[in-house]
1. Given the peptides 30-40, 6-16, arrange them by the average over their residues of other C-beta atoms within 10 Å, most packed first.
2. Kindly express, to the nearest 10 degrees and within the range 0 to 90, the angle between helix 2-13's C-alpha long axis and the longest C-alpha principal axis of the chain.
3. Given the rule -39500 (n - 2.57) for each run of at least 4 DSSP H residues, summed and divided by the residues of the chain, what is its mean residue ellipticity at 222 nm, to the nearest 500 deg cm²/dmol?
């Protein structure tokens, strides 16, 4: 995941508008919750804590 993060940061410095990371749904049983993603470095990921995740809006 860190490689993806580094690539996105590098390309965005060149003027691109990329984002990415781990994607999940807040309702893991029926998938009727919010779709969210975690786009930071893996060392910042905390188990069962979605407070640092962002809404995925396409």
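None of the figures in this text is laboratory data; all of them are computed from the coordinates on show. These figures come from a predicted structure and were not determined experimentally. FYI the Cβ positions are ideal-geometry reconstructions off the backbone, even for glycines, and counts take in every protein chain you see.
1. Listed from highest to lowest mean packing, they are 30-40, 6-16.
2. Helix 2-13 sits roughly 50 degrees off the main axis of the chain.
3. Computed ellipticity for the chain at 222 nm equals -6500 deg cm²/dmol.
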